[in-house]
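Here's the structure we're looking at; comments come further down.
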Amino acid sequence: MMPRLLAALREWIARVAAIAGRRRDDADLERELRAHLELAAEDAERRGQPAAAARRAAAVHAGGVAQAMEALRDQRSLPWFDDLARDLRYGCRMLARNPGFTAVSVISLAIGIGANCAAFSFADTLLLRPLAVPRPAELLVAGQVNPFEDSLESSYRDYVDIRDRSRSFEGLAAYAKSTAGFAASVDAPARLTIGLLVTGNFFRVVGVQPQLGRDFRPEEDQVPARDAVVILGHEFWLQQFGGDPAVLGRTVRLNGADFTVVGVAPAGFTGVDQFTRFQFYTPLMMWPRFSPDAGVALFEARDDRRLTITGRLAAGATIAQAQSELATIGADLERAHPDTNRNSRLLVRTELQNRIAQAPPVATLVAMLAALAAGVLFVACANVAGLIASRAPMRAREMAMRLAIGAGRGRLVRQLVTESLLVAIIGCALGLAVGGAAIALFRQIQIPVDLPITTVFALDRRALAFSIAVAIGSAVLVGLAPAVRAARTDLTAAMKATDAAGHGGRRQWGRRVLVGGQVAVAVVLLVMAAFVYRGFARELRGGPGFATDHLLMMSVAPKQLRYSDAQAQQFFERLAVSARGTPGIVSAALTRYMPMDGLPPSTTIVPEGFQFPRGQESAVHATSIVDEHYFDTLGVPILQGRAFRAADSIAAPRVAIVNEALANRYWSGQSAIGKRFRVDGARGPWVEIVGVARTTKYTFALENPKPFVYFPFRQRPAESMFLLARTSGEPASLAAVFRELVRALDVNLPIANVRTMEELYRMRSVVVLDVITATIGSMGVMGLTLAVVGLYGLVAYAVSRRTKEIGIRIAIGADRGSVLRMVLGQGLLLVAAGLAAGLLASLGAGPLLASTFMSGMEGTARANAAAFALVAAAVLMAAAIAAYIPARRASLVNPTEALRAE
Amino acid sequence: MPNRDKARSKADVLQGTLDLMVLQTLATLGSQHGYAIAARLEQVSSGALRLNMGTLYPGLMRLEQRGLIRGSWDVTENNRKARFYAITAAGRRELEAEKAEWARMTTIMQALLQDEG
């Protein structure tokens, strides 16, 4: 069997090689066939036939040369490939012969594909890209809904119950993120790192194995704070230890405690979060080391919900099964532990659902960009379809001719689709360049943190595959329908028609609707862009509500060196005092949370006398812990009551300051001063409100007013603090001084986030908004440009077809002005229709944008009208120019030439 | 294009036996041109087997692509240019295998047909 297989293989190799030109050429084949005939004739002659008859007999006997040649060509190479090559050659010739058509089609598609490539890359980075684990679709997130961040979180006790009772998961692991001071050895300075505290089965559940060393052992996840072992992240291992395998068994320090390195995670595995590249993993039982104030209570308190549970679906189990099973377990837990689990629902989500739930604005933004990109693609495809349609009459005759001489209709369809594909392929290549440029723009969005949290916008394999799919889809979309129509050509009708004028009406209508639709979509794109631009500009002009200039910050976390609460408190205070004594520093303050620096911590409060809706007893709000200089230093005014004082100490009555948004939510219409709330849940201590601060932006320049609670630094310990200083000169110049302040107090303490407020605000808000504005704005401009090109094409085509008619009109005395007006009027009528449809569709844009970003985006009716008017004027102007050029050409038609042209 | 399909199906039917016949002819008579092969087959079959060029030459090309025969231009005894085909070592091996297979097949067929008769 083997030799025959080899022989067949050799045949195919020879056939493939023939494509590349390694073959006997047609002349050689034909020479052989002719020789055959000669030899046959000679033979017959030798047998006594007359020469002429011998020749004829030989030819009849041997069959036709043409047929034999055809069979030989098929055998020589791969026929379908030859056909394809022929189609491609022919297609290239067609495209080269119509450079205008080719250029406009290619550029249109390039813009459409580029916009979609960019939108996909944006969506992929922020939402879609699956985790770097085997079979990521099987991994689900489970837990209780956290009303503040809408992430699913659970307590350790609940996790254990869920893990032990659930059957629809192959395994359930739990984890918590934690930052820690990391030092490679006892005397090395610590640096800030981020890691995951994981249950012992974590790596098995997510489906990866340490590349080096071993996984955690079951017994290492049994006793709190006993087994100090750590698995390093791959990237971190390369960075910190130069990829040295001898790292196994080494002792490193996390938050000042010794940990033994037992493994290194595999390359590419960066944890279960699309943005964070975790640097270390330790058993969850080591949690008390990372959260000293909580201690072992973390493993006991059923309502201390800080864990994320992730599980891999068991073979054959469905998400719906897992969901109903968890709902049952949740109901049982609620019955068994009413104190802690009342109203807590257990949910499962897919990774994607979880990402969307955690950042709904991101999801809406992604959906909006995708819709805009789809709009641009529609306009682009409509352009190409329009161009193909305007060439259809010409091509119809060509097709009819080819059908008449015996080409199969299937071959014709293939030929035409090949041409569309060719345009799409070139368009795709250029589109990738457009997408690449957009991605470079997105890359400006960087999260300013010292931790390895990154958003990697990249033109990767997924974006590439998506772009190619879009290109092929567009090609089939614009190419298939005309191809099928062309192949259905009625032979006689097409051949008889002197020109394609008879083909008329319906196709023309289709094109008009297409161009009207293009204008409408362009209008929607532009209105969106105008709204976004105006809304963003207004918000940015309004500022974040606090000063951004002359401010320098730095964060320190002395708990990372196992300071006690009191020691840490003392450290912060000494740091602030020494900062105040430094020349160049006007004032200095301490704060737990720095506005614009990620998500603020949260606290559970129960306002006195407030009636929550049924089933809710408390509310979770964003919070910070600040000292008495904070509001002055940051420039946030206290609107009512007072700021904190040094006298608000641990011995004094507990007080808080809330922002206006929180005051309005719970004590609307009355003063919040003197009102009380319970903190840390329904049985927590009472706290009295002594001041109301202005509502500022906290996490993003475009957020809705967010309720916020401030606690005095002396009454509430914090594990880490920012030092914030107002400087008299350039703030960045004091960065070194800042570091010195810490070193003077403790050489080993890691310092993080040394940056100016200006930089932080710019990175977190200005750049992001600029990029979004630029993206949406350029989509609007692209949409308009493409629509104008489409309109120009249509009018120019109409003029070219009516040259004769216009010539007659002029010949019988129509003046050129009226011809100009007629052609222009027809074009503009179309634009007006598209404009009206577009404006109507845009009425929904305001509310949609408002729901994406914030209520401010909706704008006033007058502002909206202004935006609409602006867009309408721009579109009309562009369209008028596009229609004027061919209209003017029409008015200059020379009647004698026009009539002679036929 | 439809005639391409017809030629193809006819060729397929003949392919297996044609290969065997061509290889056998070249093995016994030595290097031959296409017409000589056709003439030989016609003569041996007493005129029953008349190959036209559309069947013969693609078959030869296929055998050549498979490395079982090798073709090259040469002159006949009457000084005409023709493409001569010679069997290769691989061709001889293939011929032996095919012959054995053919013999086995005919034995089976004979046994079957006689049994029925």
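The values are calculated or read from the model by the stated rules, or taken from the named source; none is laboratory data. A quick note: this is a predicted structure, and the numbers were derived from the prediction, not measured. Neighbour counts run over all protein chains shown; Cβ positions are idealised from the backbone, glycine included. Ligands, DNA and RNA are stripped out before the accessible areas are found, and what is left, the full protein with its side chains, is counted by its heavy atoms. Shrake-Rupley method; radii C 1.70, N 1.55, O 1.52, S 1.80 Å.
Would you mind stating whether residue A:840 is open to solvent by 10 Å² or more (accessible area, probe 1.4 Å) and at pLDDT 80 or above?
On the way: open to solvent by 10 Å² or more (accessible area, probe 1.4 Å): yes; at pLDDT 80 or above: yes.
So residue A:840 passes the test.
What number goes with the only condition from (1) open to solvent by less than 50 Å² (accessible area, probe 1.4 Å); (2) within 12 Å of chain B (Cβ to nearest Cβ); (3) in contact (Cβ under 8 Å) with a residue 12 or more places away in the chain that residue A:34 does not pass?
Here residue A:34 meets the rest and fails (1).
Scan segment A:59-80 residue by residue and report those that are more than 9 Å from chain B (Cβ to nearest Cβ) and in contact with a Lys or Arg (Cβ under 6 Å, 6 or more places away or on another chain).
Passing the criteria: A:77, A:78.
Being modelled with pLDDT of 90 or more, among the hydroxyl-bearing types (Ser, Thr, Tyr) and open to solvent by 10 Å² or more (accessible area, probe 1.4 Å), is that true of even one residue in segment A:653-667?
yes
Restricting attention to segment A:45-58, does a residue exist that is within 8 Å of chain B (Cβ to nearest Cβ) and either closer than 25 Å to residue A:85 by Cβ or open to solvent by 30 Å² or more (accessible area, probe 1.4 Å) (or both)?
Scanning segment A:45-58, I find no residue that is within 8 Å of chain B (Cβ to nearest Cβ) and either closer than 25 Å to residue A:85 by Cβ or open to solvent by 30 Å² or more (accessible area, probe 1.4 Å) (or both), so the answer is no.
With respect to residue B:35, is the statement that it is touching a helix residue (DSSP H, G or I) at 6+ places or on another chain (Cβ under 7 Å), under 21 Å from residue A:46 (Cβ atoms), assigned to a helix (DSSP H, G or I) and among the hydroxyl-bearing types (Ser, Thr, Tyr) true?
Yes: the conditions hold for residue B:35.
Scan segment A:307-345 residue by residue and report those that are of a type in the set (A, V, I, L, M, F, W, C), touching an Asp or Glu at 6+ places or on another chain (Cβ under 8 Å) and under 13 Å from residue A:162 (Cβ atoms).
Initially, segment A:307-345 is screened for residues of a type in the set (A, V, I, L, M, F, W, C), giving A:307, A:309, A:313-315, A:317, A:319-320, A:322, A:326-327, A:329, A:331, A:333, A:336.
Right, trim to touching an Asp or Glu at 6+ places or on another chain (Cβ under 8 Å) and you get A:307, A:313-315, A:329, A:333.
A:307, A:329, A:333 - these are the residues of segment A:307-345 that are of a type in the set (A, V, I, L, M, F, W, C), touching an Asp or Glu at 6+ places or on another chain (Cβ under 8 Å) and under 13 Å from residue A:162 (Cβ atoms).
Looking at B:70, B:80, B:93 in this structure, which one is facing another protein chain (nearest Cβ under 8 Å) and closer than 24 Å to residue A:12 by Cα?
B:93
Within segment B:41-64, does at least one residue satisfy the condition of being touching a Pro at 6+ places or on another chain (Cβ under 8 Å) and of a type in the set (A, V, I, L, M, F, W, C)?
For segment B:41-64, residues touching a Pro at 6+ places or on another chain (Cβ under 8 Å) and of a type in the set (A, V, I, L, M, F, W, C): absent.
Could you check residue B:80 against (1) at pLDDT 90 or above; (2) basic (Lys, Arg); (3) open to solvent by 40 Å² or more (accessible area, probe 1.4 Å) and say which number it fails?
Of everything listed in (1) at pLDDT 90 or above; (2) basic (Lys, Arg); (3) open to solvent by 40 Å² or more (accessible area, probe 1.4 Å), residue B:80 misses just condition (1).
In segment A:572-592, what residues are out of contact with any Lys or Arg (no Cβ under 8 Å at 6 or more places or on another chain) and open to solvent by less than 10 Å² (accessible area, probe 1.4 Å)?
Of everything in segment A:572-592, those that are out of contact with any Lys or Arg (no Cβ under 8 Å at 6 or more places or on another chain) and open to solvent by less than 10 Å² (accessible area, probe 1.4 Å) turn out to be A:572, A:575, A:576, A:579, A:589, A:590, A:591.
For residues in segment B:83-100 being in a helix (DSSP H, G or I) and farther than 17 Å from residue B:18 by Cβ, which is least open to solvent (accessible area, probe 1.4 Å)? Walk me through it before giving the result.
Going through segment B:83-100, the residues in a helix (DSSP H, G or I) turn out to be B:89-100.
Now narrow it down to the ones that are farther than 17 Å from residue B:18 by Cβ: B:89-90, B:92-93, B:96, B:100.
On the way: B:89: 68, B:90: 29, B:92: 120, B:93: 160, B:96: 109, B:100: 62 Å².
Across segment B:83-100, the extreme among qualifying residues is B:90.
Can you confirm whether segment B:51-64 contains a residue that is without any contact (Cβ under 8 Å) to a residue 60 or more places away in the chain, farther than 15 Å from residue A:75 by Cβ, facing chain A (nearest Cβ under 8 Å) and touching a Lys or Arg at 6+ places or on another chain (Cβ under 9 Å)?
no
Would you mention how many residues in segment A:668-695 are assigned to a strand (DSSP E or B), open to solvent by less than 40 Å² (accessible area, probe 1.4 Å) and farther than 22 Å from residue A:543 by Cβ?
Filtering segment A:668-695 down to residues assigned to a strand (DSSP E or B) leaves A:676-679, A:686-693.
Now restrict to residues that are open to solvent by less than 40 Å² (accessible area, probe 1.4 Å): A:677, A:679, A:687, A:689-693.
After this cut, where a residue has to be farther than 22 Å from residue A:543 by Cβ as well, the list is A:677, A:679, A:687, A:689-690.
Going through segment A:668-695 one residue at a time, the tally reaches 5.
Residues in segment A:723-735 that are buried (at least 21 other Cβ atoms within 10 Å of the Cβ) and closer than 19 Å to residue A:190 by Cα: how many?
1
For segment A:624-635, what are the residues that are open to solvent by less than 10 Å² (accessible area, probe 1.4 Å) and under 21 Å from residue A:599 (Cβ atoms)? Spell out the reasoning first.
Taking segment A:624-635 and keeping what is open to solvent by less than 10 Å² (accessible area, probe 1.4 Å), we get A:624, A:626-627, A:630-631, A:633-634.
Selection gives A:624, A:626, A:630, A:634.
Given the conditions (1) in contact (Cβ under 8 Å) with a residue 40 or more places away in the chain; (2) out of contact with any Gly (no Cβ under 7 Å at 6 or more places or on another chain); (3) over 24 Å from residue A:308 (Cα atoms), report the number of the one that residue A:356 does not fulfil.
With (1) in contact (Cβ under 8 Å) with a residue 40 or more places away in the chain; (2) out of contact with any Gly (no Cβ under 7 Å at 6 or more places or on another chain); (3) over 24 Å from residue A:308 (Cα atoms) applied to residue A:356, the lone miss is (3).
If I filter segment A:469-483 for residues that are closer than 30 Å to residue A:273 by Cβ, modelled with pLDDT of 85 or more and assigned to a helix (DSSP H, G or I), do I get at least one hit? I'd like the intermediate steps shown before the answer.
Narrowing segment A:469-483 to residues closer than 30 Å to residue A:273 by Cβ: A:469-470.
Filter again for modelled with pLDDT of 85 or more, leaving A:469-470.
Those still in the list that are assigned to a helix (DSSP H, G or I) too: A:469-470.
Yes - at least one qualifying residue is present in segment A:469-483.
Restricted to segment A:260-285, and to residues that are among the aliphatic types (A, V, I, L, M) and more than 23 Å from residue A:219 (Cα to Cα), which residue is farthest from the chain's Cα centre (by Cα)?
Here the residue is A:267.
Go through (1) β-branched (Val, Ile, Thr); (2) more than 11 Å from chain B (Cβ to nearest Cβ); (3) closer than 30 Å to residue B:48 by Cα one by one and return the number of the condition residue A:106 breaks.
Result: residue A:106 passes all but (3).
Which condition number does residue A:267 fail, the rest of (1) open to solvent by less than 20 Å² (accessible area, probe 1.4 Å); (2) touching a His at 6+ places or on another chain (Cβ under 7 Å) being met?
Against the list (1) open to solvent by less than 20 Å² (accessible area, probe 1.4 Å); (2) touching a His at 6+ places or on another chain (Cβ under 7 Å), residue A:267 comes up short only on (1).
If you check residue B:103 against the conditions, is it exposed (fewer than 15 other Cβ atoms within 10 Å of the Cβ), part of a helix (DSSP H, G or I) and at the interface with chain A (Cβ under 10 Å from one of its Cβ atoms)?
no
Looking only at segment A:1-31, which residues are surrounded by fewer than 18 Cβ atoms within 10 Å (Cβ to Cβ) and in contact with a Phe, Trp or Tyr (Cβ under 8 Å, 6 or more places away or on another chain)?
A:19
So in segment B:21-40, with the set limited to residues that are of a type in the set (Ser, Thr, Tyr) and closer than 16 Å to residue B:80 by Cβ, which one is surrounded by the fewest Cβ atoms within 10 Å (Cβ to Cβ)? Lay out the reasoning, then the answer.
Going through segment B:21-40, the residues of a type in the set (Ser, Thr, Tyr) turn out to be B:25, B:28, B:31, B:35.
Among the residues that remain, those that are also closer than 16 Å to residue B:80 by Cβ are: B:31, B:35.
On the way: B:31: 15, B:35: 25.
Ranking the qualifying residues of segment B:21-40, first place goes to B:31.
One line per residue, one yes/no per condition, for (1) open to solvent by less than 20 Å² (accessible area, probe 1.4 Å); (2) within 14 Å of chain B (Cβ to nearest Cβ); (3) aromatic (Phe, Trp, Tyr):
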{"position": "A:324", "(1), (2), (3)": "no, no, no"}
{"position": "A:332", "(1), (2), (3)": "no, no, no"}
{"position": "A:356", "(1), (2), (3)": "no, no, no"}
{"position": "A:369", "(1), (2), (3)": "yes, no, no"}
{"position": "A:376", "(1), (2), (3)": "yes, no, no"}
{"position": "A:379", "(1), (2), (3)": "yes, no, no"}
{"position": "A:383", "(1), (2), (3)": "yes, no, no"}
{"position": "A:400", "(1), (2), (3)": "yes, no, no"}
{"position": "A:414", "(1), (2), (3)": "no, yes, no"}
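Inspect all residues belonging to segment A:111-134 and state whether any of them is exposed (fewer than 14 other Cβ atoms within 10 Å of the Cβ) and assigned to a loop (DSSP other than H, G, I, E, B).
First, the residues of segment A:111-134 that are exposed (fewer than 14 other Cβ atoms within 10 Å of the Cβ): A:134.
Next, from what is left, pick out any that are assigned to a loop (DSSP other than H, G, I, E, B): A:134.
Checking segment A:111-134: at least one residue is exposed (fewer than 14 other Cβ atoms within 10 Å of the Cβ) and assigned to a loop (DSSP other than H, G, I, E, B).
Only one of B:61, B:53 is open to solvent by less than 70 Å² (accessible area, probe 1.4 Å), under 16 Å from residue A:14 (Cα atoms) and of a type in the set (A, V, I, L, M). Can you tell me which?
Only one candidate passes the filter, namely B:61.
Which condition breaks for residue A:24 when tested against (1) part of a helix (DSSP H, G or I); (2) within 12 Å of chain B (Cβ to nearest Cβ)?
(1)
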